[in-house]
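Shown next, in structure tokens, is the structure this report addresses.
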Amino acid sequence: MSKMHLKLKVNGQEVETLAEPRELLIHVLREKLDITGPHIGCETSHCGACTVDMDGKSVKSCTVFAAQAQGAQITTIEGIANPEGMHVLQEMFREHHGLQCGFCTPGMITRAWRLLQENPNPTEEEVRFGMSGNLCRCTGYQNIVKAVLAAASEMNSAKEAAE
Amino acid sequence: MNEMTPTREERVANLKGMGCARKRVEDARFTQGKGNYVDDVKLPGMLFGDFVRSPHAHARVKSINTEAALALPGVVAVLTAKDLEPLGLHWMPTLAGDKQMVLADGKVLFQGQEVAYVVAEDRYIAADAIELVEVEYEDLPVITDPFKALEEGATVLREDLEGQTEGAHGPRRHPNHIFLWEQGDKAATEEVIAGAEVVAEEMIYYHRTHPCPLETCGCVASMDKINGKLTLWGTFQAPHVVRTVASLLSGIAEHNIRVISPDIGGGFGNKVGVYPGYVCSIVASIVTGKPVKWVEDRMENLMATAFARDYWMQGKIAATKEGKITGLWCHTTADHGAFDACADPTKFPAGFFHICTGSYDIPVAWVGVDGVYTNKAPGGVAYRCSFRVTEAAYFIERMIEVLALRLGMDAAELRRINFIRKDQFPYHSALGWEYDSGDYHTAWDKALKAVDYEGLRREQAERLEAFKRGETRKLMGIGLSFFTEIVGAGPVKNCDILGMGMFDSCEIRIHPTGSAIARLGTISQGQGHATTFAQILASETGIPADMITIEEGDTDTAPYGLGTYGSRSTPVAGAATALAGRKIRAKAQMIAAYLLEVHDNDLEWDVDRFVVKGAPERFKTMAEIAYASYNQAIPGLEPGLEAVSYYDPPNMTYPFGAYICVMDIDVDTGEAAIRQFYALDDCGTRINPMVIEGQVHGGLTEALAIAMGQEIAYDEMGNVKTATLMDFFIPTAWETPNYTTDWTETPSPHHPIGAKGVGESPNVGGVPAFSNAVHDAFRTFGLTQAHMPHDHWRIWKVASDLGLHG
Amino acid sequence: MIPPAFDYHRPESLDAALKLLGAHGDEARVLAGGHSLIPMMKLRMAEFAHLIDLQAIEDLRDIAVGDTIRIGAMTTQAELLDHAGLAEAAPILSEAAMQIADPQVRYMGTIGGNVANGDPGNDMPGLMQCLDATYTLAGPDGTRDVSARDFYEAAYMTAREDDEILVAISFPRHAPGYAYEKQKRKIGDYATAAAAVLIEAEGGKVKSASVAMTNLSDVPVYSEGAGAALLGTACDAAALDAAVIAMLGDIDPMEDNRGPVAFKQHVAGVILRRAIERAWKRA
């Protein structure tokens, strides 16, 4: 099968690569673009380790053909930190011990990043529901939920301070 | 002292030593996507390997035709057993004294078994080539039931063992029998049971499940033919053992093999064993001269690598009318699948299952375990557990409940009157263990008080009345669990893996400017070793944890160790770390004495320095001592400041805990809602409370999954019914409750810092707590035993069988 | 899990999509969100030489809320949930969509894909039968409408011809009494049993009622009898019993990992009762 000329905007950078249409977005990111933050966990869209942000939506990049992503804007965990340092979510995951082996973490944080944009002031229940597409085998989620709630609160305080 | 001089408290705080909730040093890279897992390893010219796997559970392989696959552009090689046979690698030894096919040799024995290994330029071509390999199978009768496997005339599964009546662990009494392993005094136990006032008997099944770390297993093998060096990156919980095994199997001298465990995305026992994928990747790299990567997908992971549990435990427990336990008897039928690939210490084919007398003072006991072959995947690994301790804890904690029912006694009280008392430690159990320490009554009372146990029982009684009046369809269950673990394998005199004693190690180098690097024989898979081992060293050497690098997993640089599983890192490598730190301090004391011109004995250690006794203004800090060790010629001392310690533990450690789960069960739908979970852990000295709490949360969630839905299920044809994460239950944040954690602290008397290990306690103690809550909800309706997993339909079935659906 | 190769097409108009479909016949398949199709392809249970991605056809994303509600087939579950007009006019849709899959899948999964692929586990088909929705199919000779209640023939077999594309779903504003009740093992799972119920009340009695069940047969089950059993009643115990009995006569569950047939029948009854009770309270 012939390859496509794929153009994406990944973490703010225009990138181009050749890929078969059937190639999965996660493979293109990891193997062609050396963006290895998102991981492969289940390959059937259940675990969320491969979560990236595509055109403003959290998606499981193991279940998106590269061809479907043609022209899309993609943000991965590598694009979430600010130039001046870690994103508040990243800091709060560390502060509240929201990770152990780290394998689910990029997907978790990328998902939480979108969740907090859509719902800047979530309840614990909303965080649990909004993060339910991401599996973690290590933490039991309690500290992940704590980290996301703490990040929301920090971000809201920062916003208020700026206003 | 001027204002800039730190106080003693500030110096202690600055160390970030043992006992403080130090934030993890690993997290900056993990949270920014800069972990380095095996699938992130990318080498020039790297090829990809993938398996043709058997769709049948038992079949003869009549022929394998690889022509079409080889003709596909981009395919480099297709390996079958015939290609491996000249190298003697078509079979490999297992950790349990059995052997296992690397690639199907004449027949297949479980669904998902490796049949051929395709090597191609990328993973897409490899996947296409797999479809083109033609395998002709002839179906054979399938056995998935271990009891049927032992029937007379049952189909012989392992024809390769035909006629062998002696196995690695004694006589085999049937062609599908692997071993009978016994501990304790059978005759005396049976005599006690025969004469007992009360005997409770039950079959307890702990179902087959799987560790299922979020990262599957994989490796990259790279044979450098010019230098004769093989480098193997992989998801290895025991990299040094893998190096030794790889050397023994391949004939490559051990110094020419470098094994690297990079970051590991969770292990939970799945990554202890040696799998055909590793062997085939090494062979493929040798054959092609190129690096070869193999990473299994999730279905392959669940179907073929390392299941856990699958123990049928027939139990009898004897007691007086007053509830004092007088004897325990257990016969277990252990389904090992097609090959005995359990990852246990060599001399323990049923692991440490004989810890099954639990936390109780039981005068006489016997256990016998029959290992059996079936047409299921091999494994039998310790899934977040120390070698069958989960099975043992589940068994005794169910038997206690069954006995309480039989006696009509409160199960909390029954536990209390049978606990080993504090003054009985060190305690010799009827099955041969020496429990190092414990204070069970204190922990139990604290737990019961914390949840207001009596209040819960009152509420439960009220709920029951309301249920009977038809006002609610929800029953309330209170799940009790008091567990004793046995971890930290183990003393070299009786614990080894393939002949390698189960010691562990730490090597420390202090740099001239007072920072340090320490390397260990273990490997973190999320436990946070880089954080916590530095804390141990900080407390021992006075060097701030932030100035200590911890490195593990590279066999070219790290000292030999047996790896991380069975909660052994803290009890064994943690001890080695503390002792290596003490060696550093001992040399530092001599250096300080020289610098301060006093006798060694005139110095005392104070946080981060040696101080002249009675002259607190005269001292040398560790940083000053480190510098001196490199720049001064000190008579009688070698330059430098380094130490290494290989620690052979004198005994196991025995963490314990008290868990209580409160559940509401909908008898109509079978849904169970966890309302409250209280977990008290005593893991001895606490190194980092934040990390301990995280381990407990995670282990409890795995326990929740196992108890409430997670299983590797087979149909009668041997097809795996639960091979994706749709059906293999892993709870999300939505199904997982918040946990309340608590602790008591009973240090291990034989461990240098008193630590016992904690990673597996919540799984070991959690499963019985969840399961007992389900049972307890139906207790008054006469339920004695319902097998796990307690998913909706099985709970519904319990209610239905008890006539609760009208 | 690697899908087989295919040629990819991204037409920008419905006509172009239909032409491609016509040209490639049963070797082609339309791709919406892909969250049913892609896993099937990765497991090599489905293989197509051509995939026709509908994402660029803007017309398929329209949502029109009037007396009739019309939803373009490419509307995602997340868009359904975000649409204020829909939440007001058809709250049962939001209630059901919230119980489908997980957040990431809802961003990609479309209503068209959910109803058109014929997977008996999907939630929207049963709901559409309950709503008495109409599917608009576009083909080489123009469009035609098919009732959701006539659309499903067997698992993955529907009234859609190979050269047709489902373009929109329409249904009237629904009665004030509604409920979508679903039991599942965990987030992301298909239903063990699910019930969609709509009730219109008048003078304390049921004036009209509609009931449909999900994942309890190889097709969604619209239970006319269950609805009829409620008519003229105040959803009392006898009416509920009668509705459940009628529904049980219409479903045909199969044993799977969620449980045996007897369990599913029992749960179907429990879930339906709960749905009726909730719908009745709102009616």
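General remarks:
- Taken over segment A:61-84, the residue count meeting the criterion of being of a type outside the set (Ser, Thr, Tyr), buried (at least 24 other Cβ atoms within 10 Å of the Cβ) and touching a Gly at 6+ places or on another chain (Cβ under 6 Å) is 1.
- Checking each residue in segment A:96-120 for being surrounded by fewer than 19 Cβ atoms within 10 Å (Cβ to Cβ) and either at the interface with chain B (Cβ under 9 Å from one of its Cβ atoms) or part of a helix (DSSP H, G or I) (or both) picks out A:117, A:118.
- Within the option set B:671, B:716, being of a type outside the set (A, V, I, L, M), more than 14 Å from chain A (Cβ to nearest Cβ), in contact with a Ser or Thr (Cβ under 7 Å, 6 or more places away or on another chain) and surrounded by fewer than 24 Cβ atoms within 10 Å (Cβ to Cβ) holds for one residue only, B:716.
- Test: residue in segment C:28-40 that is among the charged types (D, E, K, R) and outside the structural domain of residue C:128 (by TED's automatic domain parsing): yes
- Residue that is of a type outside the set (Asp, Glu), more than 8 Å from every other protein chain (Cβ to nearest Cβ), under 30 Å from residue C:50 (Cβ atoms) and in a helix (DSSP H, G or I), where the choices are A:29, A:18: A:29
- Comparison of B:475, B:456 shows that the only residue that is of a type in the set (A, V, I, L, M), farther than 27 Å from residue B:21 by Cβ and surrounded by fewer than 23 Cβ atoms within 10 Å (Cβ to Cβ) is B:456.
- Scanning segment C:89-113 for residues that are without any contact (Cβ under 8 Å) to a residue 40 or more places away in the chain, within 23 Å of residue A:62 (Cβ to Cβ) and more than 11 Å from chain A (Cβ to nearest Cβ) gives C:97, C:100.
Conditions (1) outside any strand (DSSP E or B); (2) at pLDDT 95 or above; (3) within 14 Å of chain A (Cβ to nearest Cβ); (4) more than 19 Å from residue B:791 (Cα to Cα), marked per residue:
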position: C:174; (1), (2), (3), (4): yes, no, no, yes
position: C:182; (1), (2), (3), (4): no, yes, no, no
position: C:185; (1), (2), (3), (4): yes, yes, yes, no
position: C:190; (1), (2), (3), (4): yes, yes, yes, no
position: C:195; (1), (2), (3), (4): no, yes, no, yes
position: C:201; (1), (2), (3), (4): no, yes, no, yes
position: C:206; (1), (2), (3), (4): no, yes, no, yes
position: C:210; (1), (2), (3), (4): no, yes, no, yes
position: C:213; (1), (2), (3), (4): no, yes, no, yes
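- Inspection of segment B:276-292 identifies no residue that is of a type in the set (A, V, I, L, M, F, W, C), crowded, with 22+ Cβ neighbours inside 10 Å and in contact with a Pro (Cβ under 7 Å, 6 or more places away or on another chain).
Let's see how each residue does on (1) within 14 Å of chain A (Cβ to nearest Cβ); (2) of a type in the set (Asp, Glu):
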{"site": "B:501", "(1), (2)": "no, no"}
{"site": "B:504", "(1), (2)": "no, yes"}
{"site": "B:512", "(1), (2)": "no, no"}
{"site": "B:525", "(1), (2)": "yes, no"}
{"site": "B:528", "(1), (2)": "yes, no"}
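- Residue that is farthest from the chain's Cα centre (by Cα) [pool: residues in segment B:170-192 that are touching a residue at least 60 places away in the same chain (Cβ under 8 Å) and more than 30 Å from residue B:326 (Cα to Cα)]: B:176
- Matching residues, segment A:139-157, being of a type in the set (Ser, Thr, Tyr) and within 12 Å of chain B (Cβ to nearest Cβ): A:139, A:141
- Qualifying position, being under 16 Å from the mean Cα position of the chain (by Cα) and within 8 Å of another protein chain (Cβ to nearest Cβ), among A:36, A:44: A:36
- Of the strands (runs of 3 or more DSSP E) lying entirely inside segment B:73-130, those carrying at least 3 residues that are more than 24 Å from residue B:156 (Cα to Cα) are B:75-79, B:114-120.
- Residue in segment B:1-46 that is nearest to residue B:155 (Cα to Cα), counting only those that are of a type in the set (A, V, I, L, M) and either within 13 Å of chain A (Cβ to nearest Cβ) or within 27 Å of the chain's Cα centre (by Cα) (or both): B:38
- Residue in segment B:567-585 that is at pLDDT below 95, in a loop (DSSP other than H, G, I, E, B) and not assigned by TED's automatic domain parsing to the domain that holds residue B:441 present: yes
- In segment A:67-78, the condition of being outside any loop (DSSP other than H, G, I, E, B), within 11 Å of chain B (Cβ to nearest Cβ) and at pLDDT below 95 is met by no residue.
The values are calculated or read from the model by the stated rules, or taken from the named source; none is laboratory data. For clarity, every value in this text was computed on a predicted model and none was experimentally measured. Don't worry about glycine lacking a Cβ; one is built from the backbone with ideal geometry, like all the others, and counts go over all protein chains shown.
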